[in-house]
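The values are calculated or read from the model by the stated rules, or taken from the named source; none is laboratory data. For clarity, every value in this text was computed on a predicted model and none was experimentally measured. Every residue, glycine among them, receives a Cβ derived from its backbone with ideal geometry; neighbour counts consider all protein chains shown. Side chains are part of the model used for accessible areas, which takes the heavy atoms of the whole protein and leaves out ligands, DNA and RNA. Shrake-Rupley method; radii C 1.70, N 1.55, O 1.52, S 1.80 Å.
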Amino acid sequence: MIVANSRVPSALLTAITGGMFCLVLLLVLSLISGLALANTAAARTDSRPQVTDAVIDAFIDAYRDDPAALMRYAPTVRNASVAQMRRTIHRLDLTHFSYLYPMVISGAELPSAHDVPLERLSLMAVRGGKLIAIPFQFDEFNHDGLIWIDGQTPGSPAGTRGALDTFDELAFMYRDGGATRFDAQQHGQPEGKILKEIRLEADQSAPRYAYLVKDNPQRSEARYVDVSLEEGRIESTVLKMHFDRRNLLGINHVESRIGPHAGENVFDNIHISLSTGILNRNLRFSLDTEKNIRVVPRAVAAGPIRNTMLLRVRIWYLGMPTLVSQDIHAHFYEQGVVIPMPFAVDSVGSLRYFVSLLREPRLDLSVDFHNLDGAKVTFASVWRADQQALADYRMSDFEVGMNYARMPGDWLHLDSGRGWQMFFVNGMPLVEGGLFDQFMEGSELNMMYRDASDLDGKSVRYHSVLPRIGFRLSGLPAPAMELLAASPRMPRRVSTLGEALLWMAEDPDRLNRYDEAANRTLSKLKERGLITTAEQLADAFITDMSRMRFTGLPRDDIDQLMRDAIMDTVTDVGAVRHGEIIARMAELAQQRHIQLQDLRQATIDNALWFPDSLGSEGPLGFHREVSQPPRAVIKAKNQLGSTPQTTQQ
């Protein structure tokens with residue numbers, strides 16, 4: 001396996017443990033955002049006040065003039081019918097995905113604004129014939145990629161605190177961009193200075209425009225989501241949720257603010273249990289969410305577009321907190337949740353030690369939904385246009401077969417039947433039949449779907465529990481374990497991906513043991529005729545790695561460096577010299593004036609989106625939009641009359 005650094009074996013094991021935990025946490029958090037646009041699809045009699053088409057038309061006109069109209073009209077729009085909501089999205093020249101999609105632009109793409117205090121920057125768009133402020137926010141991070149919150153986030157802030165730099169992110173809603181391009185003669189010169197034009201391009205919509213402005217005092221009043229740790233509450237324009245302030249997994253109540261089922265709880269329970277031997281398969285201990293596993297909310301970075309919650313996943317045993325913990329953060333949007341799972345170079349050693357203690361572990365993770373009679377569930381690896389799981393207290397042959405699927409594939413879809421849907425996007429670099437999957441031998445992974453009335457009474461709070469969705473993992477993958485054990489020990493000064501690559505490039509022999517471990521599996525793939533050429537190896541490696549997000553360098557630059565280095569150095573796919581590949585990457589980066597040391601982190605971005613509908617093409621069409629989301633094309637003020645050059649997000 002071509003591994004650019006010691007994070008990749010860590011990635012495989014994190015995909016098993018942290019990644020799986022992340023997915024179940026996302027399933028829980030789907031209830032936080034998944035109720036979005038939950039309008040009138042249910043069978044029960046709808047006693048809500050009816051909204052006339054004239055009122056909806058007035059809202060559309062007001063929203064076109066100013067995104068803040070959504071806040072003013074929210075009580076009315078919540079009573080809109082399914083047909084009215086779909087007509088609204090169509091008239092706004094949006095799709096069901098682009099309506100909910102947040103644009104996130106790295107500070108690296110805004111170099112002319114670097115070092116400008118964030119409080120002096122704002123975002124504007126032409127709405128209603130004039131340039132007005134639209135909702136936006138800047139977020140800052142520490143050197144490990146965690147959201148920066150003063151006094152709470154460990155470490156130190158990356159870059160300059162309070163001023164724009166390459167580490168920061170600008171977030172705003174795609175839908176809030178203006179359909180009209182700014183023209184000073186037509187719209188008047190705004191107060192302050194326009195620094196950048198951001199052209200938003202989507203495959204199924206006309207371009208939209210937003211403008212980064214310095215020293216303009218206008219700010220939008222719109223705010224799409226709010227989290228209160230003091231009250232244990234998460235609320236957006238369309239939902240409310242209450243949770244235990246000491247443990248995010250202690251969810252008490254989740255309700256929609258929209259539709260005939262508004263106020264009705266749809267959550268029952270979350271289950272995470274780990275059973276494993278320690279040094280001996282017969283000396284076992286167990287951990288579960290009831291007694292041992294907590295996700296502790298520490299602080300929130302609040303903004304109008306997203307609230308990012310800093311979390312500490314911690315293991316308790318015998319009523320006492322242990323030293324086993326992991327800091328993560330979760331982005332809460334109006335209709336989505338994104339949890340980036342980071343890989344830290346300096347965590348490989350502790351991971352190696354921890355995993356070496358385990359014997360025959362078994363991990364079960366699942367979520368029980370409530371009051372979802374008639375909901376439909378499917379995922380990519382079992383998808384059929386004519387058949388889905390139906391929540392009806394009976395297990396059909398198709399539903400039984402879902403439990404034999406190893407992985408969900410690229411997506412998982414739940415249609416509540418109540419006007420809201422849940423669409424999970426699997427970002428883990430582990431695809432059934434892919435390159436990394438070949439290193440999973442020795443472990444068993446299965447999807448979990450239950451729709452029967454015989455669910456464990458001790459683990460559910462309500463009798464009407466359905467469906468249950470989750471995963472089951474048993475055993476450890478021997479090839480991946482060998483890779484982890486063979487990973488070189490790096491000096492403490494190495495803390496980023498770029499530094500790790502350059503350190504290994506100094507002496508390719510540092511990866512000799514790693515070569516031996518990887519080549520045992522690669523030789524088998526060669527013998528079976530699955531991967532026989534350097535080109536096939538490069539394709540397989542980049543396909544899996546492309547599911548991760550890298551910060552610090554453009555994605556295309558990273559992929560091209562990897563591909564060219566593999567093609568230049570690999571002559572036998574069963575005898576790969578990984579150190580030579582990395583050394584060649586360093587050489588090519590220097591020739592192409594790419595600063596490899598700028599490569600900072602790698603994350604798995606697992607996401608849940610919650611549209612009112614997937615659109616006419618169903619899950620395949622919606623996933624295509626997710627895979628090819630709106631793009632940002634950024635131009636400086638003095639280029640506003642020229643042809644834009646595309647900058648990838």
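Structure data summary
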{"read-out": "Length released on extending from V82 to R492, taking residue separation times 0.36 nm less the Cα-Cα span", "value": "142.0 nm"}
{"read-out": "Additional length obtainable on full extension of the chain from Q595 to D572, 0.36 nm per residue less Cα span", "value": "5.3 nm"}
{"read-out": "Student exercise, the chain dipole from Lys, Arg, Asp, Glu Cβ charges, in Debye to nearest 20", "value": "840 debye"}
{"read-out": "Shape category assigned to the chain from the gyration tensor of Cα positions, a/c cut at 1.5", "value": "oblate"}
{"read-out": "Two-site FRET efficiency, A485 against N403, from Cβ-Cβ distance with R₀ of 30 Å, rounded to 0.05", "value": "0.40"}
{"read-out": "D183-R624 FRET efficiency (beta carbon distance; Förster radius 35 Å; 0.05 resolution)", "value": "0.55"}
{"read-out": "Accessible surface, 1.4 Å probe, highest first, among residues I581, I594", "value": "I594, I581"}
{"read-out": "Accessible area (Å², per residue) of the chain, counting only protein heavy atoms and a probe of 1.4 Å", "value": "40 Å²"}
{"read-out": "Total lysine pairs whose alpha carbons fall under 28 Å of each other in the chain (8 or more apart, or interchain)", "value": "18"}
{"read-out": "Three-way shape call for segment 96-201 based on the alpha-carbon gyration tensor, with the a/c threshold at 1.5", "value": "prolate"}
{"read-out": "Length added when fully stretched, R362-R219, from 0.36 nm per residue minus Cα-Cα", "value": "46.4 nm"}
{"read-out": "Ranked packing of 437-446, 262-271, 153-162, most packed first, by mean Cβ within 10 Å", "value": "262-271, 437-446, 153-162"}
{"read-out": "Percentage relative contact order, segment 360-506, counting C-alpha pairs under 8 Å, at least six apart", "value": "30 percent"}
{"read-out": "Cleavage-rule hits, trypsin sites (Lys or Arg not before Pro), segment 190-228, DSSP coil, Cβ neighbours within 10 Å at most 16", "value": "R219"}
{"read-out": "Where a label projected 7 Å from the Cα of I278 along Cα→Cβ would reach, residues of segment 291-312 with amide N under 19 Å", "value": "291-294"}
{"read-out": "Whole-angstrom Cα spans of segment 49-90 along principal axes, big to small", "value": "23, 21, 14"}
{"read-out": "Protein-only accessible surface order, largest first, of R584, R86, R245, R175 at 1.4 Å", "value": "R245, R86, R584, R175"}
